[in-house]
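No value in this document is a laboratory result; all are computed from the given coordinates. Since the model is a prediction, treat every value here as computed from it, not as a measurement. Here the Cβ positions follow ideal geometry from the backbone for every residue, glycine too, while neighbour counts run over all protein chains shown.
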Amino acid sequence: MDPNHFHFDLENLRVAAATGLLVLSAFCAHLLLLPDRHRRVRLPLALFFLATALEMLAIPVALAFPVQQGIMIAFAFELAEVPLTMCKPFLLWLYVSRLTHDPTQEAQTPNWAWHGLPIGFATVLYFYILLLPASQKAGLHPEATDLNGLQTAAILGLYAATVIFFVLLPIYAILILQRLSKYRSRLKDLFASTENRELAWAWWLAALVIVFWCFNVITLAVSLVKPGLPGFAIFDTFLAAIVINYVLMWSIALWGTRQRPGIEPPATGLPTGEQNGLPMRKYGKSGLSDDRLDRIAGKIEALMRDERLFLEPDLSLWDLANRIGVTTHYASQALNEKIGVRFFDYVNRWRIHDATDRLRDTDATILEITYDVGFNSRSSFYTAFKRELGMTPSQYRKGA
């Protein structure tokens, strides 16, 4: 087929891309707002998708109204991109913060003022420009030379909003990564198997946000400087912007809409004083004597040795504490102060010890042994085995 027969209509592509993102975002927002016990956790992500849907409304709205009226309405929606875009990094961070919330520890209230200042500035700027006379709004473009004071203030405000957004984006990406790092560490205090709770997608999301930021910074620089170097032209194309936006939005939609909090204490079966996942106190305030801690540590060792509790694949600190009749706080303190290891490493050490016996004394496959000793995946078994013994299970079996 002759390529010349194709007619590339940029405006039609723009409408199709905006409509696609609008439908995707509206559907995801609706899905996240359905009645559910985790709706509060999902609310920031629902608002993120709702903000994206509102951003995308400008193009179809302009087509749905008569020319002059449509231009004014479309301008209002296009301008709304300023406060809506400013909200989105904060909403993603808030969503990850709620997903990684640890109800066993005292919650730290975010400094809402600092988070709200950029959004407040963008909102004030939006209404300031929206309330300008129509003739002055029509002349708002960077190349204009005959701007009056109100128009100059509007242009400077838009430049300032752009700079603030590009400063905030990497900051929130770093905050998300820091939050995830602390969360991953905390999981190892509470669970023997963490691979289904680590929110690996959120690490990729933070990386995608940084890629999105880099792309937009390069695009902005190219549009201002116009270096004319080979390869740089792609950064200043509408098609590249569509691809980046779709990759980012689909990534968030595919993984973000299916998540639930990783740390959820059981509602029942907890020792007295720990119902409803009350926050753990600091060790220094526990008042436990060394003898009491020694007895708790002895009970933990006996459970692992005699009852082989480590074979339970989804074993948690709550399960362990419930079996010996103490709070998770006391069990954790005994593990850290008397046995000298966190819960995750302690249980996996027992599992690896049992696995070495099976590798020496049986002909079971490594995959069978993986699940028999309590691991949920081959990769986590190999990682734990190599960390504990400095070799893979296959190498150990050959040398046994």
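If R0 equals 51 Å, the separation of the Cβ atoms of LYS188 and MET72 corresponds to a calculated FRET efficiency of about 0.35. Our estimate of slack between GLU307 and GLN105, defined as 0.36 nm per intervening residue step minus the Cα-Cα distance, is 69.7 nm.
When THR327, THR365, THR123 are arranged by Cβ crowding within 10 Å, least crowded first, meaning fewest neighbours, the order is THR365, THR123, THR327. Amide hydrogen proximity for GLY262: with H placed 1.01 Å from N in the peptide plane, no residue at 5 or more positions away or on another chain lies under 5 Å.
Enter the Cα centre distance for the pair the stretch 136-175 and the stretch 360-400, rounded to the nearest angstrom. Cα centroid of the stretch 136-175 versus Cα centroid of the stretch 360-400: 58 Å apart. Between ARG40 and GLU198, the C-beta separation translates, for a Förster distance of 22 Å, into a calculated FRET efficiency of about 0.50. The calculated FRET efficiency for the pair ASP294 and LEU131, based on their C-beta separation and a Förster distance of 60 Å, comes to about 0.25. You can think of it this way: the chain between MET391 and ASN336 has 17.2 nm of extra reach, that is 0.36 nm per residue less the Cα-Cα gap. Dividing the mean sequence gap of close Cα pairs (under 8 Å, 6+ apart) by how many residues the stretch 288-399 holds gives a relative contact order of 24 percent. Using a ≥ b ≥ c from the Cα gyration tensor of the stretch 7-256 (square roots of the eigenvalues), is it rounded, prolate or oblate, where a/c under 1.5 gives rounded and otherwise the larger of a/b and b/c decides, a/b for prolate? Note, shape of the stretch 7-256 comes out prolate.
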